[in-house]
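Taking it in order: structure first as C-alpha coordinates, then the write-up.
The values are calculated or read from the model by the stated rules, or taken from the named source; none is laboratory data. Everything numeric in this text was worked out from a predicted model, so none of it was measured. Cβ sites come from the backbone with ideal geometry, for glycine too, and all protein chains shown count toward neighbours. Side chains included, ligands, DNA and RNA excluded: accessible areas come from the protein's heavy atoms. Shrake-Rupley method; radii C 1.70, N 1.55, O 1.52, S 1.80 Å.
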Amino acid sequence: FFKVYRGELRHSQELIENKSKTKERIGHLFVFNGKNREEIEKFNAGDIGATAKLKSSFIGATLYAGKQEEKLPEFKFPEPLITQAVKPESEKDNEKLGEGLQLIHRLDPCFISEHSPEFNELVVSAMSKSHIDIMAEKIKAKYKIKFSFVLPQVSYRETISSRSKAQGKYKKQS
(Lines give C-alpha, C1' and ligand atoms only; values in the text may rest on other atoms or scores of the structure.)
Protein backbone atom coordinates (compact mmCIF):
# COMPACT_ATOMS: atom_id res chain seq x y z
CA PHE A 1 0.00 0.00 0.00
CA PHE A 2 1.15 3.56 -0.63
CA LYS A 3 0.03 7.18 -0.64
CA VAL A 4 0.75 9.66 -3.43
CA TYR A 5 1.99 12.92 -1.88
CA ARG A 6 2.58 15.02 -4.99
CA GLY A 7 1.78 14.84 -8.69
CA GLU A 8 0.33 11.70 -10.19
CA LEU A 9 1.34 8.06 -10.49
CA ARG A 10 0.63 6.07 -13.63
CA HIS A 11 0.76 2.41 -14.58
CA SER A 12 4.28 1.35 -15.82
CA GLN A 13 5.98 4.49 -14.42
CA GLU A 14 9.59 4.31 -13.19
CA LEU A 15 10.35 5.67 -9.71
CA ILE A 16 13.54 5.92 -7.64
CA GLU A 17 13.77 4.55 -4.10
CA ASN A 18 15.08 7.26 -1.75
CA LYS A 19 17.67 5.34 0.33
CA SER A 20 19.23 2.91 -2.15
CA LYS A 21 18.67 5.07 -5.26
CA THR A 22 17.48 2.00 -7.18
CA LYS A 23 14.84 2.23 -9.88
CA GLU A 24 11.44 0.63 -9.34
CA ARG A 25 9.00 0.00 -12.17
CA ILE A 26 5.41 0.29 -11.01
CA GLY A 27 3.30 -2.51 -12.48
CA HIS A 28 -0.43 -2.67 -12.01
CA LEU A 29 -2.14 -0.14 -9.74
CA PHE A 30 -5.01 -1.24 -7.52
CA VAL A 31 -7.69 0.27 -5.32
CA PHE A 32 -9.17 -1.93 -2.59
CA ASN A 33 -12.76 -1.85 -1.44
CA GLY A 34 -13.08 -4.44 1.29
CA LYS A 35 -11.80 -7.73 -0.13
CA ASN A 36 -12.41 -6.61 -3.71
CA ARG A 37 -9.65 -4.99 -5.74
CA GLU A 38 -10.06 -2.90 -8.84
CA GLU A 39 -7.26 -2.08 -11.29
CA ILE A 40 -6.85 1.60 -12.05
CA GLU A 41 -4.75 3.60 -14.57
CA LYS A 42 -3.51 6.50 -12.41
CA PHE A 43 -3.48 7.99 -8.92
CA ASN A 44 -3.48 11.69 -8.06
CA ALA A 45 -2.00 13.43 -5.02
CA GLY A 46 -3.67 12.27 -1.82
CA ASP A 47 -4.84 8.92 -3.20
CA ILE A 48 -4.08 5.66 -1.40
CA GLY A 49 -3.55 2.53 -3.46
CA ALA A 50 -1.58 -0.66 -3.86
CA THR A 51 0.86 -2.27 -6.26
CA ALA A 52 2.64 -5.61 -6.34
CA LYS A 53 6.12 -7.01 -6.90
CA LEU A 54 8.38 -4.11 -6.00
CA LYS A 55 11.98 -5.37 -6.06
CA SER A 56 13.91 -3.28 -3.55
CA SER A 57 11.30 -1.24 -1.67
CA PHE A 58 10.02 -2.24 1.73
CA ILE A 59 7.82 -0.73 4.42
CA GLY A 60 8.57 2.94 5.03
CA ALA A 61 10.33 3.52 1.69
CA THR A 62 9.89 6.80 -0.20
CA LEU A 63 9.72 6.62 -3.99
CA TYR A 64 10.00 9.66 -6.24
CA ALA A 65 9.96 10.45 -9.95
CA GLY A 66 12.23 12.91 -11.68
CA LYS A 67 15.51 14.44 -10.62
CA GLN A 68 14.53 16.14 -7.37
CA GLU A 69 14.75 13.85 -4.35
CA GLU A 70 11.76 13.90 -2.00
CA LYS A 71 12.42 14.21 1.74
CA LEU A 72 9.60 12.94 3.94
CA PRO A 73 9.88 12.45 7.70
CA GLU A 74 10.69 8.86 8.63
CA PHE A 75 7.89 6.88 10.16
CA LYS A 76 8.52 5.89 13.78
CA PHE A 77 7.48 2.31 14.42
CA PRO A 78 6.38 1.36 17.95
CA GLU A 79 8.82 -0.37 20.28
CA PRO A 80 8.25 -4.13 20.71
CA LEU A 81 6.54 -5.19 23.92
CA ILE A 82 7.47 -8.86 24.33
CA THR A 83 10.82 -10.67 24.03
CA GLN A 84 11.59 -14.37 23.65
CA ALA A 85 14.69 -16.42 22.90
CA VAL A 86 14.74 -18.68 19.85
CA LYS A 87 16.32 -22.11 20.06
CA PRO A 88 16.80 -24.06 16.79
CA GLU A 89 16.51 -27.84 17.07
CA SER A 90 19.81 -28.34 15.24
CA GLU A 91 22.87 -26.15 14.79
CA LYS A 92 22.68 -26.39 10.97
CA ASP A 93 19.32 -24.56 11.08
CA ASN A 94 20.92 -21.58 12.84
CA GLU A 95 22.00 -19.84 9.61
CA LYS A 96 18.63 -20.34 7.89
CA LEU A 97 16.88 -19.05 11.01
CA GLY A 98 18.99 -15.88 11.05
CA GLU A 99 18.29 -15.32 7.35
CA GLY A 100 14.56 -15.78 7.91
CA LEU A 101 14.50 -13.39 10.86
CA GLN A 102 16.28 -10.70 8.82
CA LEU A 103 13.76 -11.07 6.00
CA ILE A 104 10.83 -10.82 8.42
CA HIS A 105 12.34 -7.65 9.96
CA ARG A 106 12.56 -6.02 6.51
CA LEU A 107 8.89 -6.85 5.91
CA ASP A 108 7.76 -5.95 9.45
CA PRO A 109 9.94 -3.40 11.31
CA CYS A 110 8.07 -4.04 14.58
CA PHE A 111 9.64 -7.52 14.64
CA ILE A 112 13.25 -7.25 15.84
CA SER A 113 15.84 -10.01 16.20
CA GLU A 114 19.27 -9.74 17.77
CA HIS A 115 22.04 -11.98 19.03
CA SER A 116 22.83 -11.80 22.74
CA PRO A 117 26.62 -12.30 22.99
CA GLU A 118 26.47 -12.62 26.78
CA PHE A 119 24.44 -15.82 26.68
CA ASN A 120 24.99 -16.76 23.02
CA GLU A 121 21.29 -16.86 22.22
CA LEU A 122 19.08 -15.40 19.52
CA VAL A 123 16.42 -13.07 20.93
CA VAL A 124 13.31 -11.82 19.08
CA SER A 125 11.04 -8.96 20.13
CA ALA A 126 7.56 -8.20 18.80
CA MET A 127 4.28 -6.54 19.68
CA SER A 128 2.58 -9.65 21.13
CA LYS A 129 2.87 -13.41 21.55
CA SER A 130 0.59 -13.95 18.55
CA HIS A 131 2.80 -11.61 16.49
CA ILE A 132 5.80 -13.83 17.29
CA ASP A 133 3.81 -17.00 16.54
CA ILE A 134 2.64 -15.73 13.13
CA MET A 135 6.17 -14.75 12.11
CA ALA A 136 7.49 -18.12 13.34
CA GLU A 137 4.97 -19.95 11.15
CA LYS A 138 6.07 -17.91 8.12
CA ILE A 139 9.74 -18.80 8.74
CA LYS A 140 8.94 -22.48 9.34
CA ALA A 141 6.91 -22.67 6.12
CA LYS A 142 9.47 -20.90 3.94
CA TYR A 143 12.74 -22.38 5.27
CA LYS A 144 11.48 -25.79 6.48
CA ILE A 145 13.29 -25.56 9.81
CA LYS A 146 12.25 -26.42 13.35
CA PHE A 147 12.79 -24.19 16.36
CA SER A 148 11.16 -23.35 19.66
CA PHE A 149 10.81 -20.35 21.95
CA VAL A 150 12.15 -20.16 25.49
CA LEU A 151 12.38 -17.42 28.07
CA PRO A 152 15.46 -15.27 27.44
CA GLN A 153 18.21 -15.28 30.04
CA VAL A 154 18.58 -12.02 31.94
CA SER A 155 21.88 -10.81 33.30
CA TYR A 156 21.57 -9.34 36.75
CA ARG A 157 24.18 -6.74 37.48
CA GLU A 158 24.70 -4.86 40.69
CA THR A 159 27.16 -2.11 41.39
CA ILE A 160 28.47 -1.16 44.79
CA SER A 161 27.44 2.44 45.12
CA SER A 162 28.72 3.39 48.61
CA ARG A 163 30.83 2.16 51.48
CA SER A 164 29.32 0.26 54.33
CA LYS A 165 30.54 -0.93 57.68
CA ALA A 166 29.17 -3.84 59.67
CA GLN A 167 30.17 -5.73 62.75
CA GLY A 168 28.83 -8.99 64.03
CA LYS A 169 29.50 -11.70 66.53
CA TYR A 170 29.36 -15.37 65.75
CA LYS A 171 27.61 -17.44 68.41
CA LYS A 172 27.47 -21.16 68.02
CA GLN A 173 24.28 -22.74 69.28
CA SER A 174 24.37 -26.11 70.95
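Of all residues in the stretch 147-174, how many are surrounded by 11 or more Cβ atoms within 10 Å (Cβ to Cβ) and over 18 Å from PRO80 (Cα atoms)?
Adding up the residues that qualify gives 2.
If a residue has to be over 18 Å from SER113 (Cβ atoms) and either exposed (fewer than 10 other Cβ atoms within 10 Å of the Cβ) or touching a helix residue (DSSP H, G or I) at 6+ places or on another chain (Cβ under 7 Å) (or both) to count, how many in the stretch 53-64 make the cut?
Of the residues in the stretch 53-64, 2 are over 18 Å from SER113 (Cβ atoms) and either exposed (fewer than 10 other Cβ atoms within 10 Å of the Cβ) or touching a helix residue (DSSP H, G or I) at 6+ places or on another chain (Cβ under 7 Å) (or both).
Looking at LYS71, LYS67, LYS35, LYS21 in this structure, which one is closer than 26 Å to MET135 by Cα, exposed (fewer than 10 other Cβ atoms within 10 Å of the Cβ) and out of contact with any helix residue (DSSP H, G or I) (no Cβ under 9 Å at 6 or more places or on another chain)?
LYS35
When the stretch 74-115 is examined, which residues are found to be open to solvent by less than 30 Å² (accessible area, probe 1.4 Å), of a type outside the set (Val, Ile, Thr) and in contact (Cβ under 8 Å) with a residue 60 or more places away in the chain?
Within the stretch 74-115, GLN84, ALA85 meet the criteria.
Can you tell me which residue in the stretch 129-140 is farthest from the chain's Cα centre (by Cα), limited to those that are touching a residue at least 24 places away in the same chain (Cβ under 8 Å) and open to solvent by 40 Å² or more (accessible area, probe 1.4 Å)?
The residue in question is LYS129.
In this structure, is GLN167 in contact (Cβ under 8 Å) with a residue 60 or more places away in the chain, among the polar types (S, T, N, Q) and not in a strand (DSSP E or B)?
For GLN167, the condition - in contact (Cβ under 8 Å) with a residue 60 or more places away in the chain, among the polar types (S, T, N, Q) and not in a strand (DSSP E or B) - is not met.
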